[in-house]
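A short reminder: the numbers here are calculations on the coordinates, not readings from a lab. This one's a predicted model, so the numbers in the text were calculated from it and none came from an experiment. Every residue, glycine among them, receives a Cβ derived from its backbone with ideal geometry; neighbour counts consider all protein chains shown.
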Amino acid sequence: MIEANTAARLAARFATLAPAQRRAFLDKMAEQGIAFSQLPIPALPRPDAATGYDAPLSYAQQRQWFLHRFAPESAAYHISSRVELRGELDAGALQAALATLAQRHEALRTVFLADADGMVRQHVRAAARIELPLTDLSADPGSADAQAAAIAEAPFDLGRAPLLRVHLLRLGARHHRLVLAMHHIVSDGWSMQLLIDELAAAYRAQRLGQPLPGAAHAIGYTDYAVWQRNWLEAGEQARQLAWWRTTLEGASGVLALPTDRPRPAVAAYRAQRCEIDIPATLADALRQRSQAGGGTLFMALLAGFQALLYRYTGSRDLCVGVPVAGRNRLETERVVGLFVNTQVVRAQLDGSQPLSALLGQTRAAVLGAQAHQDLPFEQLVEALQPERSVSYHPLFQVVHNHRRGDRAARVALPGLELESAPVGERTTALELTLDTREDSDGHVHACFHYAAELFDAGTAERLARHYVRLLRRLADAPEQALDAVDLLDESEHRSLLALGQGEAPGGETLPVHAHIARHAAARPDAVAVICGDQVLRYGELLARADRLAAVLQARGVGAEDRVGIALSRSPDLIVALLAVMRCGGAYVPFDPAYPKDRLVYLFDDSAIRLLVTEPALLDVLPAPATLPVLTMDTVDDGIAPLPEQPIHPGQLAYVIYTSGSTGRPKGV
C-alpha cells in the first residue's frame, strides 16, 4: 500500500504526461510494486468554471452519440423511473431539491456539441435548470401509465441541458407521481437510483431547513472519461483486448432464435415482459450447487439461460451480453454518468456434456470476463469488426442482466412517503433479455423482456417454463446430459400427442406448387400475399410465377437444378420460390443480410445453376463472376407462361443451409 498523498501525487503526474510517456510511467510503477488501481482518479483543472468547460467523450458516450445520430427519435436508450409520492407535497421544496441535484452533478449540466468536421465534445455548463411541469390527472388517474410512458419516450436533444426530464402528475389531492427520464449518454441504471436517493435527501433537507448531508463529490464524470482514456491508451487497452480477441475468435455473430414472425430490417422493437417464477427452494438449491464448485448463483442462472438458448437454436457456440456496473472505483460510486459496460460471455456447448460441466465452463467464462471488464464494449466491437447490420446487435442479440440488492424501499419524508419503480421499457434493440435480481434474503425475481414484433406472449411463457425446468435439472440432476433434459411438462406432452391423432387425409398427394395452382384456378381473386401495402392475388401470383418459370426453363433450369434466390422481403420473393418449383428446379435461399463470408461459402458450396435477384443487390452479393444472374425486373409481362410440368413427388424441392453452429453450414 502507498500513502494517500503519494497516490494522489502520482495520479496527478500521470494525467499531465504525454501519451507516449504514460506507458513508461506505468511500467516504472509496476517495477516498484505499485498497481495503477491504487491511484485515485484525479479531478481535472477547471480553467473557468463560470463559463463551463469541455471534455472528451468516454468510449461508451461515443457509441451513444452515434446511435442517437442514427435514430434520434428512438427511445431505446432512455432510462426512466417513476416515484410515487403520497401525502402533502411541497412543490417548492421539490423544485429546490432538483436545483440542488443539477448543481451537484455535472452530468445534469452536460450537452454534446459537434464542430464543422463532425468532431464531438461534451460541454459542462455552469448551470442548468430542471423544469418541473405539472399535469393534473386527478379526474382520470387511470391514464397515468400512458402519460408516464409518453414522457419517458419523448426524444432528447443532446445539445440542450439538462438531459434529464422531470414531470409531476397529480393523481389525487394526496397522491402524485414524479416521472424521470434521462438519456443513456449521461446516465445508467445505477445513476437513476442514485438521483432518486439524493432527491429524497435534498427534499428532506429543504423541508427541515438543513444542509444536504454528504460531502461534495471529489470528481465528476468528465474526470472519469479523461482518466479512462489515459489509462487504456497507456497499454491496458491492448492487454485486455488481446484476451478478448483470443476468447471470441471464431465466435458466431448471430444467434438464430426461432421467432413467431420474421425479423424486421431494423432492430427496433417494443419490449414486453414475461415473469418467471423461480421458487425460493430452487434458488437455494442452485446457489448451493454453484457454491460447491466455487461459483455464484448468477453463474448458475446464466448457465441455465445458455442451455435454454442451445436447446432452442441448436447452436453449440453462442454469446450472451452481460452488463456490469463499471463502478469498481470508490470515487465513482456517487457520480451520475454512463459507467455501465457490457461483457460478452461465450459458451461452447455439447449436448452430451453433463449440466455440471456447463456450469463449470460458465464459471470460468464469467471469471475471465470479469478480470477483463474495463475494456469498453465499443472498443471491442471496433477492434473485432464483426459483420454489422441494422437488423441485429453486434456480437450478441440476447442479454442476461443480473443485479443484487433489494427493490427501493418506501422512504418516509416530512409529510410525505416516497416509493420508486421503473416506468417500464417500451422500446429495445435486443430480441430477448433475461433480467434477474437477487434479494438480500436470497429470493430471486426474474423475467424475460422480449421483442413483441418477434415473439408472441405464449412463446415467451413457454421459454420461461422451459428455463425453470432446465434450472431444476441443474440443481437436482447435474450429471444429466444437456440433450437429455425433457423440457416439456405433462400438459405440453398431451397437447403434442393430441395433434397427432385423427385419420390420415385421403386422395392424391400433390406438391405445394400444384396446390397453389389448383387454388388459383378456383379462386383467382383471393388474396395470396400481403406485404405492407402490396397485395398479390392468387391468379396474378400464378401468372407471374409461370412467366418467370418459362424464363428459367429457357435458361436451362430443369428437374432438380438448384436456383439461388436472393431477394428482399417482397411479393417477388414468393413469386420466385413458386417459379422455381413450377419448372421442376430446387430453390436455395440466400438472405442478403447474411455476413459476407457466409454468403461466399454458400455460393461456393451450393452448386446453383443460376441466381435470381434484384438490381439493388447486384453490387452487394459476392456472387462468382461466372454465375448466370437473372433479375426480376427483366421478366416481361408478354412472356408466355410455362405450361404445367410433370414433377415427381420425390424430386428435390429446396436446399436450405443450417446455422453452421457445429462447423460449416450444411445444406439440407
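With bins 10 Å wide beginning at 0, the percent of Cα pairs of segment 54-221 falling in each bin runs 9, 37, 34, 16, 4, 0. Relative to the longest principal axis of the Cα atoms of the chain, helix 538-554 runs at roughly 70 degrees. Go ahead and run the numbers for FRET between V600 and V668, Cβ-Cβ distance against an R0 of 22 Å, rounding to 0.05. Using R0 = 22 Å, I get an efficiency of 0.65.
The stretch between T658 and R555, if pulled fully straight at 0.36 nm per residue, gains 34.2 nm over its current Cα-Cα span.
Entry note, segment 512-634: relative contact order of 21 percent, from Cα contacts under 8 Å with a spacing of 6+ residues. Quick one: 3J(HN,Hα) in Hz for segment 517-524, Karplus 6.51/-1.76/1.60 with θ = phi - 60°, rounded, Gly and Pro as x. Per residue, the Karplus-derived 3J(HN,Hα) values read 5, 5, 5, 5, 5, 7, 9, x Hz. Compute the separation of the alpha-carbon centres of segment 50-81 and segment 344-372 and state it in Å as a whole number. Segment 50-81 and segment 344-372 have Cα centres separated by 34 Å. Computed FRET efficiency, Cβ-Cβ of D636 and S570, R0 22 Å: what is it to the nearest 0.05? With R0 = 22 Å, the Cβ-Cβ based efficiency is 0.70. Relative to the dominant Cα principal axis of the chain, helix 571-582 is inclined by about 30°.
Centroid-to-centroid, using Cα positions, segment 380-404 and segment 442-517 are 27 Å apart.
Distance between the modelled labels on R9 and L488, one decimal in nanometres: 7.4 nm (7 Å Cα→Cβ projection).
Near the amide H of V398, under 5 Å away, which other amide H atoms are found, from residues 5 or more places off or on another chain, if H is placed in the peptide plane? Correct list: G321. Annotation note: trypsin sites (Lys or Arg not before Pro) in segment 140-242 located in DSSP loop regions with a Cβ neighbour count of at most 11 within 10 Å are R160. Take every Cα pair under 8 Å whose residues are at least 6 apart in sequence, average their separation, divide by the length of segment 587-668, and the relative contact order is 29 percent.
When its C-alpha radius of gyration is set against 2.2 N^0.38 Å (N residues), segment 189-257 gives a value of 1.92.
Under the simplified labelling scheme, the Q38-E233 pair shows an inter-label distance of 2.6 nm, with each label point 7 Å from Cα along Cα→Cβ.
Relative to the dominant Cα principal axis of the chain, helix 457-476 is inclined by about 70°.
What number, in nm² with one decimal, is the all-direction average of the projected area of the convex hull of the alpha-carbon atoms of the chain?
Result: a mean projected hull area of 37.8 nm².
Take the Cα of V266, step 7 Å toward its Cβ, do the same at T51, and the gap between the two points is 3.9 nm.
Our note on the geometry: Cα centres of segment 202-245 and segment 574-633, 52 Å apart. Based on the Kirkwood approach, the hydrodynamic radius assigned to segment 512-634 is 14.9 Å, with every pair of different Cα atoms included. Each Cα pair under 8 Å and six or more residues apart adds its separation to the average, and for the chain the resulting relative contact order is 13 percent.
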